[in-house]
Every structure is written in C-alpha cells, then in structure tokens.
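Q: Dropping the structure in here first, questions after.
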Amino acid sequence: MIKSLLEYQNVDTELRDIETSLKQSEERKKASSAKSFLTGANESVAKLDQRAEDLVGKFNASVKLLSQLEEQAKEYEGIDEMDENQLSYVKKKAQALNEEISNLASAVDSLSKEIESVLKEFAQLKSDIKKAKAQYSEYGPKYNELKASKEDEMNKIKARLKKLEAGIDAEILEKYKQRRNDRIFPVLNEAKEMSKHAYCRCGTELSLTDYGNLKNGNIVECDSCHRLLYLSKT
Ligand SMILES: [Zn+2]
C-alpha cells in the first residue's frame, strides 16, 4: 500500500512539476497580473466616479453660497446714514460675514484642487487600464498556447496515475488528493523515528497511537501540518 502510494506520488511529481512550471511561467504571471488589475480597476473607477461626483456637488453648493454671501455683503455698503448703535451692530455683522466669505473662499479653493487631483488620478487609471488590457491580450493567448503545448504530456501522466489508483486504498487516495489540493507536497512523507518516538518532518511528535499505527505499516496523518506519514521498514 505504502509502496503503491509512493509510486503514485513519484508519477504525480512529474505532473506537478509541469503544473508548477506553467504557474510560474512569464506568460501566466503577466496574463494574471493584468487580469487581476483589470478586475480591481472597475471598482477603482466606480470609487473615483463617486468621489468626483461628491466633490463637484460640494464645490457647486459652496460657490452658490459664496455668491449669496457676497450679495449680502453689498447690503452693508451704504451704512453712512446710521446712528452709532446701529452702526456698531451692523459692523459686527459685516465683519462676521466677511470672515464667513473668506473661509468659504478658501474651502472652494481646496475643493477645486481636490477635483484637479481626482482628474489626474482618473487619467492615470485610464492609462494603466489601457496598458493592462494590452498586456492581457498579448499574454493571455501566449499562456493558452503554452498550456496547450503541455497537454499531451500531462494527459499521458494522468493516464498513468489513473492506472496506479487501482492499487491504493480509496480513502487514503482521497486524502492524498485533498492535501495536494491544499498545496501540501510531497503529501506522503517518511516519519522520523528517534529513541522510540516518531516525528513528522514538520517537527511535531506523533502520539503513541499514531506511532503504533506507523509501526504496523499504516499511514497516519500529522495533526499539525496534515502531511501523510509512513515508517520505512529497515
Ligand atoms: Zn507535520
């Protein structure tokens, strides 16, 4: 059983090496980085859109308010014919109004700067999207070609694996496949035996029950890293 699974794993290693080389190929890296950028870009565009809309709304409201205040300020121009009490009251009002106007004016100024920077971000994003689209349309097909070129070889290995499956316990095989999916590889590893204790290659000490099972020629699973373990009979 252990021997069959080890043999299976050896053949599987060939398949995995091809899969890894595909995954690490320049073609895939470039295609997939472009694709994930484009996926995220939609969200960035929507966010920028919303921010621009908010800013323009605030800007317009502020400009409107500013012109209303400036209109009000004009009313304080003809204050010559007032008595002293009226005059001091009106002066205070005019001063407060002027302050409000100057605050609002600087707010409008910074809003317009913010709008300008959003527009710049938009332009940058647009050009990045264009680049990513070009990259994807160049490397997407290249990666597909590369994959296609390995297909025969991979299918042959898969057929060999299929044959070997017959000699392996279904439950163990299922476990093996799950671990492989979890990117644990090699799945089946030799446990280390030291002064009547057994250890996984991750360093975890196995329970006495597991140790006993190993000694009986069974496969056990490490509780910590979930590798499958065996003990070689030497
Ligand atoms: Zn472990």
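Each reported figure results from applying straightforward, stated rules to the coordinates on display, with no laboratory input. Since the model is a prediction, treat every value here as computed from it, not as a measurement. Counting neighbours? That spans all protein chains shown, and the Cβs are built from the backbone with ideal geometry, glycine included.
Q: Test of the criteria: in segment 28-110, which GluC sites (Glu not before Pro) are in a DSSP loop and have at most 10 other Cβ atoms within 10 angstrom of their Cβ?
A: Here the GluC sites (Glu not before Pro) that fit, given the DSSP loop and packing criteria, are E77, E81.
Q: Is there a quick way to get the dipole size of the chain? I mean about its Cα centre, with the Cβ of Lys and Arg at +1 and of Asp and Glu at -1; what is the value in debye to the nearest 20?
A: Rounded to the nearest 20 debye, it is 2100 debye.
Q: When you have a sec, figure out the Kirkwood radius of segment 177-230 from all distinct Cα pair distances and drop it here in Å to one decimal?
A: One decimal place: 11.0 Å for the Kirkwood radius.
Q: Full extension from Q124 to D80: what is 0.36 nm times the residue separation minus their Cα-Cα distance, to one decimal in nm?
A: Taking 0.36 nm per residue and subtracting the Cα distance, the gain is 10.2 nm.
Q: Report, please, the projected area of the chain averaged over directions, based on the convex hull of its C-alpha atoms, in nm².
A: Mean orientational projected area (the chain, Cα hull): 24.6 nm².
Q: With a sphere of radius 14 Å drawn around the Cβ of N216, what net charge do the other residues whose Cβ falls strictly inside it have (Lys, Arg +1; Asp, Glu -1)?
A: Summing Lys/Arg as +1 and Asp/Glu as -1 gives 0.
Q: In whole angstrom, note down how far apart the Cα centers of segment 154-206 and segment 25-89 are.
A: Measuring centre to centre over Cα atoms gives 61 Å.
Q: Okay, moving on. How high is the relative contact order of segment 1-115? Use alpha-carbon pairs under 8 Å, at least six apart in sequence, and give a whole percent.
A: 32 percent.
Q: Roughly how many debye, to the nearest 20, is the charge dipole of segment 1-101 about its Cα centre, given +1 on each Lys and Arg Cβ, -1 on each Asp and Glu Cβ, and no other charges?
A: Once rounded to the nearest 20, the dipole reads 780 debye.
Q: Then there is this: Treating the angle as unsigned and between 0 and 90°, give the value, to the nearest 10°, between the Cα long axis of helix 84-165 and the longest Cα principal axis of the chain.
A: Taking the Cα atoms of the chain, the angle to 84-165 is about 20 degrees.
Q: Output the antiparallel fraction of DSSP beta bridges having both residues in the chain, as a percent to the nearest 5.
A: Rounded to the nearest five, the antiparallel share is 65 percent.
Q: Can you tell me the FRET efficiency between K158 and E43 if r is taken as the Cβ-Cβ distance and R0 is 25 Å, rounded to the nearest 0.05?
A: Efficiency for this residue pair is about 0.05.
Q: Okay, next question. Which value at 222 nm does the chain reach when only helices count, each DSSP H run of 4 or more adding -39,500 (n - 2.57), with the total divided by all residues and rounded to the nearest 500 deg cm²/dmol?
A: One gets -27000 deg cm²/dmol as the mean residue ellipticity at 222 nm.
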